[in-house]
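A quick write-up on the structure given underneath.
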Amino acid sequence: MKRRSFLGLMGAAGAGLAVPATARAAAKDFRGYHDTPGVLFDGTRCIGCRKCELACNQVNNLPEPEVPFDNLEILNTRRRTDSTTFTVVNKFDTPGGPVYRKNQCNHCLEPACASSCFVSAFQKQPDSAVDYDETVCVGCRYCMIACPFEIPTYEYHKAFTPRVMKCTLCGPQMRSGELRLPGCVQVCPMEAMIYGPRNELLTLARRRFAAFPGRYVESIYGEHEMGGTSWLYISGTPFSQVGLREDLGTKSAPELTAGALAAVPVVVGVWPVLLGGIYAINKRKEKIAAQEQQQAVSAALAKAKAEAKENLDASLAKAEESANRRVDNEVKKAVKEALAKKEEELKAAEASATDEEEGK
Amino acid sequence: MSTVTNDDFKSYLTPFNIVTGLIIIAGLIVTVIRFTGGLGAVTNLDDNYPWGIWISFDLLCGVALAAGGYTTAAACYVFGFKKYHSAVRPAVLTAFLGYALVVMALHYDVGRPWRLPYPIFVQQGTTSLLFEVGLCVFLYLTVLFLEFLPTLFEWKGWRKLRDALVKMTLVLVIFGVVLSTLHQSSLGALYTIAPSKLHPLWYSAYLPVFFFVSSIAAGLSMVIFEGSLSHKYLHRMMDSEYNRNHDDVVLGFAKGCSWVLFGYFALKMIGLTYDNNWSYLASGFGAWFLVEMLCFVALPAFLYAVGARDKNFALIKWTAILTVLGIVVNRFNVSLVAFNYHLPSEDKYFPAMMEIIISVFIVTVGVVVFRFVSTRMPVFFEHPEYKGQH
């Protein structure tokens, strides 16, 4: 073997061993994909024009809505995403006047939908998009239960090909080169959204906090929520006033279910041993009980046998004795009778002898 | 000829047959609508409430109430309570039918039911608790089928097959307990992923433990409850062995269930304390939580204990019904009442009539099949050729 190919093989073996090890180490201490793309939404810039909703509808070839996109009256009713609307802008009345906020999939760093899907239909892609694969989706809708942002929707009206519908971060269009930016980001006339590497967006947001003191609530929504999201928000009003829940916590979905999943091997490993042991103990108890019963029975039997033998012997002895006595008695009687007979004969003989003498 | 047919027809017109017949016809009509018009045509489900009563009742309650299979089998074969032997077959049959109907209900609920084998055979989402549920339910349904088969084989007289299966009983029972522990608990664990949607009084990292422990109480209570129903309507099928042991089973299960419910109550209090949720008790949800805990957990625990002590069979029977109701209340609370507690009341879900029809239809199918099997096969009686061979 040539030295170089040998070293190559060794290297390959080493890499084969090293890769899973590093991957595992990374999974244990995951800090988020900070260099992957994200979008920063600045709530102080949004004017509620709904241009982003229109763009989203067009680039995704979604059906035309009942209420046209230039109708701004609809902003007065609170809306959520649905199966034909991947993004909505809502108006919130705050003490400082109306505030608008756009809502769409936040493309979590560790998505609850992906963690909850039992066919792995959702995948977090390197370009930050959380992709959905309709060719495997069973339609259980657990992703909709799991999503803390209430984003995935379902085509309830379709009988044969219902799909989960949600924002794709224009992943397919950008990968094919059809779009350079997500449709909504590209169209915004106020530049309320910026697309770029997530860590740079975080820096940019803080720079704005510094540049405009007092304009912002100095915190970035999505930096840590549910393990962090690719979509980030800054706002002039507290987040809870613009429909962003501040009680989600920082634990990601996989962390929330890790405990329950970790119990699986414990149950699988421990239960058979424990139950098998309980069965064996019961079996042994039964066996010992049966043995003891057997012993007790045989002891009782032996005792009964011995007693019976004793009785038999005793009665045999008694019978022998009585038989002997009877024989004795018979003999005695016979002897007595014989003697009596003899005596009578003797007496008779004597009497005849005297008669003869008298007759002479 | 015609008179014979008429008489035959009339003899089928019992109240039971008329009612079940109507329900089944209604169910079949809704089935057609569901599979031609989609979920939206028959349900009130929406994007906020992707899971309705087909999950709350048919899946969560169905699985919990079918827990009688593994609890009775484990009590008899593993823990050595031989006197419960006559209760095993009805319990296993109920569990098998229960799980089969859960799977049937899921065909209505998921969007593309023909893909239900996908998570096992096509692409496995192993990080999902629903994957665990799916895999365990699939395997456990197989186990229950194998546990039930000897009944069928005895009926058919296939001795060799029957003997081979009976030899595997212990392995099947232990495997069944492992699988039941896993999926009973993971049904609760499904909701651990959504702490922001489930009210804190019901959300807990211990949800899997709560679901598992309460399933034992549900299973034991269902065996008592079904036993009393069967005694009323299927008494003619029962042999002296079944009847002699029935009182023992009821008393033993009442005692066990009381014990489990006290434990469950304590666990719930530990959960409440661990998350320090006491302050929520002084709210509307808090009052409802107290009703669940006191009327449907603490009360039956106490009543079972009294019933077992006094050998009061009527009390035990009613307590079993109370406990079963309590489990239903708990599963509905977790999956519907306390779920999406933050949404305004106009966004709340209430089941559509057709959803209810399907749920009733599925239960009815279960009752009809149970009656069919138990009036023909050796369920409540020992087959004369196999007496004492278990």
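Filtered by the rule that a residue be touching a Gly at 6+ places or on another chain (Cβ under 8 Å), part of a loop (DSSP other than H, G, I, E, B) and open to solvent by 10 Å² or more (accessible area, probe 1.4 Å), the range A:217-229 gives a lone residue, A:V217. Criterion applied to A:E255, A:E246 was being within 14 Å of chain B (Cβ to nearest Cβ) and touching a Gly at 6+ places or on another chain (Cβ under 8 Å), and the one residue passing it is A:E255. Helices (runs of 4 or more DSSP H) fully within the range A:119-192 that include at least 2 residues being in contact with a Cys (Cβ under 9 Å, 6 or more places away or on another chain) and buried (at least 22 other Cβ atoms within 10 Å of the Cβ): A:142-146, A:183-187.
Quick check: anything in the range B:189-196 in contact with a Cys (Cβ under 9 Å, 6 or more places away or on another chain) and not in a helix (DSSP H, G or I)? Yes, there is a match, as at least one residue in the range B:189-196 is in contact with a Cys (Cβ under 9 Å, 6 or more places away or on another chain) and not in a helix (DSSP H, G or I).
In the set (1) outside any loop (DSSP other than H, G, I, E, B); (2) within 20 Å of B:D47 (Cβ to Cβ), A:E66 fails one condition alone, (1).
Only one of the listed residues (A:R198, A:R215, A:R175, A:R207) is without any contact (Cβ under 8 Å) to a residue 12 or more places away in the chain and away from chain B (no Cβ under 14 Å). That residue is A:R207.
Filter the range B:43-76 down to residues that are more than 21 Å from the chain's Cα centre (by Cα) and either surrounded by fewer than 21 Cβ atoms within 10 Å (Cβ to Cβ) or not hydrophobic (A, V, I, L, M, F, W, C) (or both), then give me how many there are. Steps first, please.
Here is the first cut: in the range B:43-76, the ones more than 21 Å from the chain's Cα centre (by Cα) are B:43-50.
With either surrounded by fewer than 21 Cβ atoms within 10 Å (Cβ to Cβ) or not hydrophobic (A, V, I, L, M, F, W, C) (or both) added as a condition, the list becomes B:43-44, B:46-50.
Looking only at that region, the number is 7.
Among residues of the range A:135-156 that are more than 7 Å from chain B (Cβ to nearest Cβ), those with a Cβ under 9 angstrom from a residue that is β-branched (V, I, T) and open to solvent by 10 Å² or more (accessible area, probe 1.4 Å), sequence gap 6+ or separate chain, pair up as A:E155/A:T84; A:E155/A:T161. Taking the conditions (1) more than 12 Å from chain A (Cβ to nearest Cβ); (2) open to solvent by 20 Å² or more (accessible area, probe 1.4 Å) in turn, B:Y99 satisfies each one other than (2).
Taking the range A:230-243, which residues are within 14 Å of chain B (Cβ to nearest Cβ) and either surrounded by 18 or more Cβ atoms within 10 Å (Cβ to Cβ) or assigned to a loop (DSSP other than H, G, I, E, B) (or both)? Step through it out loud before you land on a result.
Taking the range A:230-243 and keeping what is within 14 Å of chain B (Cβ to nearest Cβ), we get A:239-240, A:243.
Residues satisfying the conditions are A:F239, A:G243.
Among the acidic types (D, E), in contact (Cβ under 8 Å) with a residue 60 or more places away in the chain and either open to solvent by less than 80 Å² (accessible area, probe 1.4 Å) or out of contact with any strand residue (DSSP E or B) (no Cβ under 9 Å at 6 or more places or on another chain) (or both), is that true of B:D310? In short, no. Scanning the range B:368-390 for residues being open to solvent by 70 Å² or more (accessible area, probe 1.4 Å) and within 22 Å of the chain's Cα centre (by Cα) gives a total of 2. Please determine, by comparing only the residues of the range A:241-265 that are of a type in the set (G, A, S) and without any contact (Cβ under 8 Å) to a residue 40 or more places away in the chain, which one is nearest to B:L179 (Cα to Cα). Among those that are of a type in the set (G, A, S) and without any contact (Cβ under 8 Å) to a residue 40 or more places away in the chain, it is A:A263. If you go through the range B:170-195 and keep only what is within 20 Å of B:W288 (Cβ to Cβ), within 7 Å of chain A (Cβ to nearest Cβ) and open to solvent by less than 10 Å² (accessible area, probe 1.4 Å), you end up with just B:A194.
Modelled with pLDDT of 95 or more, assigned to a helix (DSSP H, G or I), of a type outside the set (S, T, Y) and surrounded by fewer than 20 Cβ atoms within 10 Å (Cβ to Cβ): is that true of B:A305 in this structure? Criteria met by B:A305.
Name the one entry in B:D163, B:D248 that is touching a helix residue (DSSP H, G or I) at 6+ places or on another chain (Cβ under 7 Å), assigned to a helix (DSSP H, G or I) and open to solvent by 10 Å² or more (accessible area, probe 1.4 Å). Before you say what the answer is, go through the steps one by one.
Values: B:D163 fails: touching a helix residue (DSSP H, G or I) at 6+ places or on another chain (Cβ under 7 Å).
B:D248 is the lone residue from the list that is touching a helix residue (DSSP H, G or I) at 6+ places or on another chain (Cβ under 7 Å), assigned to a helix (DSSP H, G or I) and open to solvent by 10 Å² or more (accessible area, probe 1.4 Å).
Just one of the listed residues (A:E345, A:E310) is open to solvent by 80 Å² or more (accessible area, probe 1.4 Å), at pLDDT 90 or above, farther than 30 Å from B:F212 by Cα and not polar (S, T, N, Q), namely A:E310. Here B:T31 meets each of (1) free of Cβ contacts under 8 Å to residues at least 40 places away in the same chain; (2) open to solvent by 20 Å² or more (accessible area, probe 1.4 Å); (3) in a helix (DSSP H, G or I) with one exception, condition (1). A residue that is within 60 Å of the chain's Cα centre (by Cα) and open to solvent by 80 Å² or more (accessible area, probe 1.4 Å) can be found somewhere in the range A:254-262. Among the residues making up the range A:85-109, those that are loosely packed, with under 15 Cβ neighbours inside 10 Å and part of a loop (DSSP other than H, G, I, E, B) are A:P95, A:G96.
Pairs are defined by a Cβ separation below 8 Å, a sequence spacing of at least 6 or placement on different chains, a first member in the range A:81-94 that is within 20 Å of A:R163 (Cα to Cα), and a second member that is of a type outside the set (S, T, Y) and surrounded by fewer than 16 Cβ atoms within 10 Å (Cβ to Cβ); the pairs so defined are A:T84/A:L62; A:T84/A:P63; A:T84/A:P65; A:T85/A:L62; A:T85/A:P65; A:T85/A:R79; A:F86/A:L62; A:V88/A:R79.
Among the residues of the range A:196-216, the ones that are crowded, with 18+ Cβ neighbours inside 10 Å and not in a helix (DSSP H, G or I) come to 1 in all.
Just one residue in the set B:E241, B:E226 is within 23 Å of the chain's Cα centre (by Cα) and in a helix (DSSP H, G or I); that residue is B:E226.
The values are calculated or read from the model by the stated rules, or taken from the named source; none is laboratory data. Quick caveat: nothing in here was measured; it's all calculated off a predicted structure. Counting neighbours? That spans all protein chains shown, and the Cβs are built from the backbone with ideal geometry, glycine included. Protein only, heavy atoms only, side chains kept; ligands, DNA and RNA dropped before computing areas. Shrake-Rupley method; radii C 1.70, N 1.55, O 1.52, S 1.80 Å.
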